[in-house]
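K.L.:
For reference, the structure I am asking about is given below.
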Amino acid sequence: MIGVSVHLPSALRPGYPVRTERLLLRPLTVDDVDALLAYRSRPDVCRYVPFEPMTREVIDQRLATAWANTELTDEGQALTLGIQLAGTGDLVGDVVLFWHSREHGGGEIGWVVNPDFGGHGYATEAAHALLRLGFDELGLHRIIARIDERNEPSAKLAQRLGMRQEARLVHNELFKGEWSTELDFAMLADEWPAYRGAPDSRGARTVRD
Ligand SMILES: CC(C)(COP(=O)(O)OP(=O)(O)OC[C@H]1O[C@@H](n2cnc3c(N)ncnc32)[C@H](O)[C@@H]1OP(=O)(O)O)[C@@H](O)C(=O)NCCC(=O)NCCS
């Protein structure tokens, strides 16, 4: 049998903060509760994400459990990092990297930004840093993003990162009481070097690529 030579991902233990041009990515803490509540409690922010608007209690509980994770040591884990502006210290959102499969080198990314801080490219810059962690440090083979078709800002973000749209799953999920059409985006480790530079409109793919 002909096989391919693969290097299986082993673990991701970032040094914090993870620095980008304008941002510091770092684990969330109890000091972030008010900033998290400011956007994670908003129905408009939660329209196309799996969670419902959060209360302070729910945020406290997440901080003590899932969000307390600071590294990825096995498949099935997720790493959520706060997006902090290096200039002002404001926490403006958060990003998540899921490690789905060790054997297949599969991961997934997601993003949420406080609308008060939207339109500056912060989510794109933070998600780009997550791709770097996923490909360059964890050694993933393939990273995906799954987006409701109606969530245009999110689909544009995936394109800005250089992710390829691979699928459009028509009405595949009953999501918050309505049929959702899911757009599946992906990037392979082989494709990442072309997009490793700072993300901007020059690096964006079009949907047809
Ligand atoms: C999805 C979401 C993060 C997108 O927010 P956003 O502000 O559009 O994303 P960014 O922070 O990357 O900013 C990009 C915008 O800033 C502009 N921009 C300004 N300076 C920029 C820079 N230096 N780099 C990149 N973009 C920049 C871009 O042109 C773009 O605006 P446009 O769409 O009008 O062209 C936000 O809508 C959100 O949090 N939604 C709720 C949660 C959600 O749905 N998450 C996704 C689930 S799949």
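K.L.:
Out of the stretch 15-34, which residues are within 14 Å of the ligand (Cβ to nearest atom) and either more than 15 Å from Trp111 (Cα to Cα) or part of a helix (DSSP H, G or I) (or both)?
P.N.:
Thr20, Glu21, Arg22
K.L.:
Can you name the number of the only condition in (1) hydrophobic (A, V, I, L, M, F, W, C); (2) within 10 Å of the ligand (Cβ to nearest atom); (3) more than 27 Å from Thr70 (Cβ to Cβ); (4) out of contact with any Leu (no Cβ under 9 Å at 6 or more places or on another chain) that Ala155 fails?
P.N.:
Every listed condition holds for Ala155 apart from (4).
K.L.:
Which of the residues spanning the stretch 43-100 are closer than 24 Å to Ala155 by Cα and basic (Lys, Arg)?
P.N.:
Arg47
K.L.:
Scan the stretch 102-143 residue by residue and report those that are more than 7 Å from the ligand (Cβ to nearest atom) and among the small types (Gly, Ala, Ser).
P.N.:
Gly105, Gly106, Gly107, Ala126, Ala127, Ala129, Gly134, Gly139
K.L.:
Of the residues in the stretch 150-190, how many are part of a loop (DSSP other than H, G, I, E, B) and within 16 Å of Val112 (Cα to Cα)?
P.N.:
Residues flagged as part of a loop (DSSP other than H, G, I, E, B) and within 16 Å of Val112 (Cα to Cα) within the stretch 150-190 amount to 2.
K.L.:
Right, another one. Among the numbered conditions (1) under 16 Å from the mean Cα position of the chain (by Cα); (2) away from the ligand (no atom under 14 Å from the Cβ), tell me where Asn172 comes up short.
P.N.:
Unmet for Asn172, out of (1) under 16 Å from the mean Cα position of the chain (by Cα); (2) away from the ligand (no atom under 14 Å from the Cβ): (1).
K.L.:
Can you tell me which of Arg150, Arg146 is within 11 Å of the ligand (Cβ to nearest atom), of a type in the set (D, E, K, R) and free of Cβ contacts under 8 Å to residues at least 60 places away in the same chain? Please lay out each step first, then the result.
P.N.:
Values: Arg150 fails: free of Cβ contacts under 8 Å to residues at least 60 places away in the same chain.
The conditions single out Arg146.
K.L.:
Of the residues Asp190, Asp90, only one is touching a residue at least 40 places away in the same chain (Cβ under 8 Å) and either among the charged types (D, E, K, R) or within 11 Å of the ligand (Cβ to nearest atom) (or both); which? Walk me through how you get there before you give the answer.
P.N.:
Values: Asp190 fails: touching a residue at least 40 places away in the same chain (Cβ under 8 Å).
So the residue among Asp190, Asp90 that is touching a residue at least 40 places away in the same chain (Cβ under 8 Å) and either among the charged types (D, E, K, R) or within 11 Å of the ligand (Cβ to nearest atom) (or both) is Asp90.
K.L.:
Further question: Quick one: Gly15 ticks every box in (1) at pLDDT below 95; (2) over 26 Å from Ser154 (Cα atoms) except a single one, so which number is it?
P.N.:
Going through the list (1) at pLDDT below 95; (2) over 26 Å from Ser154 (Cα atoms), Gly15 breaks only (1).
K.L.:
Of (1) of a type in the set (Val, Ile, Thr); (2) over 18 Å from Leu97 (Cα atoms); (3) touching a Gly at 6+ places or on another chain (Cβ under 8 Å), Val49 satisfies all except one. Which?
P.N.:
Of everything listed in (1) of a type in the set (Val, Ile, Thr); (2) over 18 Å from Leu97 (Cα atoms); (3) touching a Gly at 6+ places or on another chain (Cβ under 8 Å), Val49 misses just condition (2).
The values are calculated or read from the model by the stated rules, or taken from the named source; none is laboratory data. It should be emphasised that the depicted structure is a prediction, and the values quoted were computed from it without experimental measurement. Heads up, the Cβs are rebuilt from the backbone with ideal geometry, glycines too, and the neighbour counts pull from every protein chain shown.
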